[in-house]
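Colleague: Have a look at this one.
The values are calculated or read from the model by the stated rules, or taken from the named source; none is laboratory data. All values reported here derive from a predicted model rather than from experimental measurement. Here Cβ is always computed from backbone atoms with ideal geometry, including for glycine, and neighbour counts include all displayed protein chains. Ligands, DNA and RNA are excluded from the accessible area calculation, which covers all protein heavy atoms including side chains. Shrake-Rupley method; radii C 1.70, N 1.55, O 1.52, S 1.80 Å.
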Amino acid sequence: KAGVTQTPRYLIKTRGQQVTLSCSPISGHRSVSWYQQTPGQGLQFLFEYFSETQRNKGNFPGRFSGRQFSNSRSEMNVSTLELGDSALYLCASSLDPYNSPLHFGNGTRLTVT
Amino acid sequence: AQTVTQSQPEMSVQEAETVTLSCTYDTSESDYYLFWYKQPPSRQMILVIRQEAYKQQNATENRFSVNFQKAAKSFSLKISDSQLGDAAMYFCAYFGGATNKLIFGTGTLLAVQP
């Protein structure tokens, strides 16, 4: 079974630009979660989608948004990029996070210059 | 609010020896899950072991086992017969119904010496 696939693996953007990250979950998994990992703040929850609905959102500004498609694939968008948005963005999928563990992808390393 | 604390930023172990990584957490919930994840340089977060809070029996996965002390809110990971491939950052994480998200500790960087 293929694992969680995140694209692209690396991304370099300029301040003020916007970026879209993609995540394809494990087949059959309907829940997709996004996490931001930085050396200073560690791992922080961004949001979780289940069957195309956002069920939970972390404490991030409105510049961070996401969506989930009918095939469970998810995208995360960050608008008006700031230097502090440089981070590893991890996507995780599960059957349902209440009852089954999260399986993570390799992440997208975003660098904002 | 739920918190997860890993007090050991770095640990080192000799190959074939045993090492224990510490984790404490704080919660008012009675039903929750605890996890240990491993993150090697490849960056992928890999699930090592999972413990349901309602289960008194400690979880075990091959060379990995936990010591779950619910009353003390302690959840340590024991790695037996350490291998070079065990070298990684290890994160303790909490998942509860009130938050519906993984709350991670700050991680412990484990080095394995040959």
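Colleague: Using +1 at the C-beta of Lys and Arg and -1 at the C-beta of Asp and Glu, which of B:35, B:18, B:113 has the Cα lying farthest in the positive direction of the dipole of chain B?
Modeller: B:35
Colleague: What does the charge dipole of chain A about its Cα centre add up to, to the nearest 20 debye, if the Cβ of each Lys and Arg holds +1 and the Cβ of each Asp and Glu holds -1?
Modeller: The calculation lands at about 160 debye.
Colleague: Given a cut-off of 23 Å, name the pairs among B:55/B:101; B:78/B:101; A:13/B:101 whose C-alpha atoms lie farther apart than that in the structure shown.
Modeller: Distance filter (> 23 Å) returns B:78/B:101; A:13/B:101.
Colleague: Would you mind counting up the charge near residue A:107? Only other residues with Cβ under 11 Å from its Cβ, with Lys and Arg at +1 and Asp and Glu at -1.
Modeller: +3
Colleague: While we're on this one: How are the alpha carbon pair distances in the protein assembly as shown distributed across 5 Å bins from zero to the largest one, expressed in percent?
Modeller: Whole-percent P(r) values from 0 Å outward: 1, 7, 14, 18, 18, 17, 12, 7, 3, 1, 0.
Colleague: Another question about this same structure. Give, as a single signed number, the net charge of other residues whose beta carbon lies under 15 Å from the beta carbon of residue A:85, with Lys and Arg counted +1 and Asp and Glu -1.
Modeller: Net of charged neighbours comes to +3.
Colleague: Please list 3J(HN,Hα) in residue order for region B:93-110, calculated via the Karplus relation 6.51 cos²θ - 1.76 cosθ + 1.60 where θ = phi - 60°; whole Hz, with x for glycine and proline.
Modeller: So the Karplus estimates, Gly and Pro as x, are 9, 10, 9, x, x, 6, 9, 6, 7, 7, 10, 9, x, 7, x, 10, 8, 9 Hz.
Colleague: How many Å² of accessible area per residue for region B:1-105, probe 1.4 Å?
Modeller: With all protein chains present, region B:1-105 gives 48 Å² per residue.
Colleague: Extending each Cα 7 Å along its Cβ direction at residue A:111 and residue B:57, get the distance between those two points in nm, one decimal.
Modeller: Going from the residue A:111 label point to the residue B:57 one covers 4.9 nm.
Colleague: Over all directions, what mean area does the Cα convex hull of chain B project, stated in square nanometres? Please list the in-between numbers first.
Modeller: Numbers: hull surface 26.6 nm².
If you wrap the Cα atoms of chain B in a convex hull and average its projections, you get 6.7 nm².
Colleague: Semi-axes, largest first, in whole Å: what does sqrt of 5 times each Cα gyration tensor eigenvalue give for chain A?
Modeller: Gyration-tensor ellipsoid for chain A: 23, 14, 13 Å.
Colleague: What are the residues whose amide H is under 5 Å from the amide H of residue B:48, where those residues sit 5 or more places off or on another chain and H is modelled from the backbone?
Modeller: B:36, B:37, B:38
Colleague: Excluding residue A:13 itself, what net charge comes from residues whose Cβ is under 12 Å from its Cβ, given Lys and Arg +1 and Asp and Glu -1?
Modeller: My count for the surroundings of residue A:13 gives 0.
Colleague: So if I place +1 on the C-beta of Lys and Arg and -1 on the C-beta of Asp and Glu, and nothing else carries charge, what would the dipole magnitude of the protein assembly as shown be about its Cα centre? I want it in debye, nearest 20.
Modeller: Working: 20 positive and 16 negative charges, 117 e Å.
For the protein assembly as shown, the charge dipole is close to 560 debye.
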